[in-house]
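J.: Sharing a structure, written as structure tokens. Questions coming.
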Amino acid sequence: MDMNSGVIEDFKIRLRGQLLQPNDSGYDEARQIWNAMIDKRPALIVRCAGVADVMEAVAFARNHDLRLAVKGGGHNIAGNALCEDGLVIDLSPMRSVHIDREARRAHVEGGALLRDFDHEAQAFGMATPLGINSTTGVGGLTLGGGFGWLSKKYGLTVDNLLSADVVTADGRFLRTSATAYPDLFWALRGGGGNFGVVTGFEFRLHEVGPQVTAGLVVFPFDQAKQVLTRYRDLVTALDDDVNIWGVLRKAPPLPFLPADVHGKEVVVMAFFSPLDPEAVQSELDAVRGFGQACGEHAGAMPYAAWQQAFDPLLTHGARNYWKSHNFTDLSDEAIDTVIRYAGELPSPQCEIFLGLLGGQSSRVAPDATAYPNRDALCAMNVHARWEDPSQDQQCIDWARAFFSATAPYASGSVYINFLTQDEGNRIADAYGGNYARLKDVKAKYDPRNLFRQNQNIRPAAPPVS
């Protein structure tokens with residue numbers, strides 16, 4: 001970026017938050033994000049203290065033709081929270097969560113993390129469907145659609161979004177909802193960060209917790225075919241109150257597993273229900289009956305604790321590469337392929353997970369929100385994760401090979417939040433029949449494509465006169 005110091009100083013005095021440049025203390029910390037494979041050096045990082053700072057930063061980037069990125073939790077696999085030699089709008093100082101108990105509403109700033117949301121909402125025994133890792137940003141998760149343990153019962157995150165505050169490319173601050181700028185509100189519910197900077201979200205809350213039923217039942221890898229087949233047969237008939245995800249990986253040193261299992265390939269069934277253990281005993285027993293478990297830790301626990309249960313496996317600073325498919329069913333061939341590649345994990349941290357959807361998330365029309373994939377039974381994420389850069393090619397090749405091998409059994413669609421930086425060719429697949437409409441909304445609110453550091457939806461071309 002070529003800009004004189006006077007222009008930058010003038011920008012700085014118009015901000016309440018901090019403006020960081022490459023030689024400033026705190027700059028390197030501010031440019032760190034979850035995926036250590038991403039190493040970008042922005043020219044400017046604006047650590048926004050409020051909406052006014054966001055508006056100033058958007059105007060500055062637009063007026064000086066700077067590449068612009070928006071950082072919430074910094075958890076996006078593609079590294080879209082940063083840009084090279086441009087301006088980053090860092091929302092991480094904006095983490096307020098306000099719970100309106102009587103109205104059952106949560107008002108959440110754009111930089112809040114899942115753990116911020118859960119901490120406040122669980123004080124009142126309330127929640128809304130969010131992800132499975134407490135360090136994920138609420139904003140990025142929501143804008144891509146959002147799903148988690150509560151999605152079978154209460155739908156996707158965007159199905160529970162009631163309004164959103166947005167700073168658009170032309171500098172306007174808009175409060176959007178089903179009745180105010182409804183086209184923009186529709187696009188925000190799954191269309192990613194393409195349409196502006198969302199500084200605030202309003203969510204519907206549901207009575208959940210503080211105690212739920214959750215935990216893990218772990219099976220030896222040599223039982224994988226039987227376990228996954230029985231899993232497939234059970235989940236299609238599950239009540240909305242029960243969610244079960246499957247994970248294939250090497251066993252971490254969990255205290256309830258025998259020492260001789262640690263580091264060995266296993267099949268993990270992650271069980272969740274917002275109900276008491278007595279109400280879902282038969283479903284939990286059915287999971288136990290998938291095979292001869294080598295360990296189990298399941299029962300009543302705090303919802304907020306379950307939301308953080310996978311955090312130790314997803315810490316910041318490792319190298320990560322994902323490939324993902326949606327499945328409308330799990331065929332025998334798909335299961336066989338999953339097992340084959342799970343037996344060839346290139347590092348101890350790699351895993352394959354099957355995130356169960358269905359239930360309420362499937363009862364919404366595909367065109368009701370920008371997120372269209374309502375027919376997906378599960379989202380499969382091939383999560384390659386490792387520490388040593390010398391393993392980059394080995395781990396990436398494994399993920400890509402598995403992705404190609406499972407493609408014939410998948411639906412062809414994909415969850416936008418799981419796309420890596422090299423998968424721009426799959427954006428249309430992620431949106432299906434909603435893609436053309438999204439391009440029209442983009443042309444209306446961001447015709448110059450200022451917000452393009454994302455899984456980019458290019459604005460539709462103007463009609464020929």
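The values are calculated or read from the model by the stated rules, or taken from the named source; none is laboratory data. The structure displayed is predicted, hence computed values, not measured ones. Cβ atoms come from the backbone with ideal geometry, glycine included; neighbour counts cover every protein chain shown.
J.: Considering (1) assigned by TED's automatic domain parsing to the domain that holds residue 312; (2) touching a strand residue (DSSP E or B) at 6+ places or on another chain (Cβ under 7 Å), say which one residue 394 fails and leave the rest.
T.: (2)
J.: Right, something else. Consider only pairs whose beta carbons are under 9 Å apart and that are at least six residues apart or on different chains; among these, list those whose first residue lies in region 223-248 and is free of Cβ contacts under 8 Å to residues at least 40 places away in the same chain and whose second residue is outside any helix (DSSP H, G or I).
T.: From region 223-248, no pairs qualify.
J.: Surrounded by 14 or more Cβ atoms within 10 Å (Cβ to Cβ), more than 23 Å from the chain's Cα centre (by Cα), part of a loop (DSSP other than H, G, I, E, B) and not polar (S, T, N, Q) - does that describe any residue in region 427-446?
T.: Yes: region 427-446 contains one or more residues that are surrounded by 14 or more Cβ atoms within 10 Å (Cβ to Cβ), more than 23 Å from the chain's Cα centre (by Cα), part of a loop (DSSP other than H, G, I, E, B) and not polar (S, T, N, Q).
J.: Got at least one residue in region 384-402 being in contact (Cβ under 8 Å) with a residue 60 or more places away in the chain, within 20 Å of residue 152 (Cβ to Cβ) and under 19 Å from the mean Cα position of the chain (by Cα)?
T.: Within region 384-402, none of the residues are in contact (Cβ under 8 Å) with a residue 60 or more places away in the chain, within 20 Å of residue 152 (Cβ to Cβ) and under 19 Å from the mean Cα position of the chain (by Cα).
J.: What strands (runs of 3 or more DSSP E) lie completely within region 14-128 and have 3 or more residues being touching a residue at least 24 places away in the same chain (Cβ under 8 Å) and buried (at least 23 other Cβ atoms within 10 Å of the Cβ)?
T.: Counting at least 3 such residues, we get 44-47, 68-71, 87-90, 105-109.
J.: Does region 169-198 hold any residues that are surrounded by fewer than 24 Cβ atoms within 10 Å (Cβ to Cβ), outside any loop (DSSP other than H, G, I, E, B) and touching a residue at least 40 places away in the same chain (Cβ under 8 Å), and which are they?
T.: 173, 183, 184, 186
J.: Of the residues 309, 376, 370, 365, which single one is free of Cβ contacts under 8 Å to residues at least 60 places away in the same chain, crowded, with 16+ Cβ neighbours inside 10 Å, assigned to a loop (DSSP other than H, G, I, E, B) and not assigned by TED's automatic domain parsing to the domain that holds residue 33?
T.: It is 376.
J.: For region 199-208: of the residues being of a type outside the set (Val, Ile, Thr) and touching an Asp or Glu at 6+ places or on another chain (Cβ under 9 Å), which is surrounded by the fewest Cβ atoms within 10 Å (Cβ to Cβ)?
T.: Ranking the candidates gives 204 first.
J.: Something else about it: Can you name every residue in region 136-168 that is outside any helix (DSSP H, G or I) and of a type in the set (Ser, Thr, Tyr)?
T.: Matches in region 136-168: 136, 157, 163, 168.
J.: I'd like the full set of residues that are basic (Lys, Arg) and surrounded by 24 or more Cβ atoms within 10 Å (Cβ to Cβ), limited to region 129-159.
T.: The one that is basic (Lys, Arg) and surrounded by 24 or more Cβ atoms within 10 Å (Cβ to Cβ): 152.
J.: Being over 26 Å from residue 372 (Cβ atoms), at pLDDT 95 or above and hydrophobic (A, V, I, L, M, F, W, C) is the requirement here; does residue 286 meet it?
T.: yes
J.: Which residues, counting only those in region 228-285, are surrounded by 21 or more Cβ atoms within 10 Å (Cβ to Cβ) and among the hydroxyl-bearing types (Ser, Thr, Tyr)?
T.: The answer is 231, 273.
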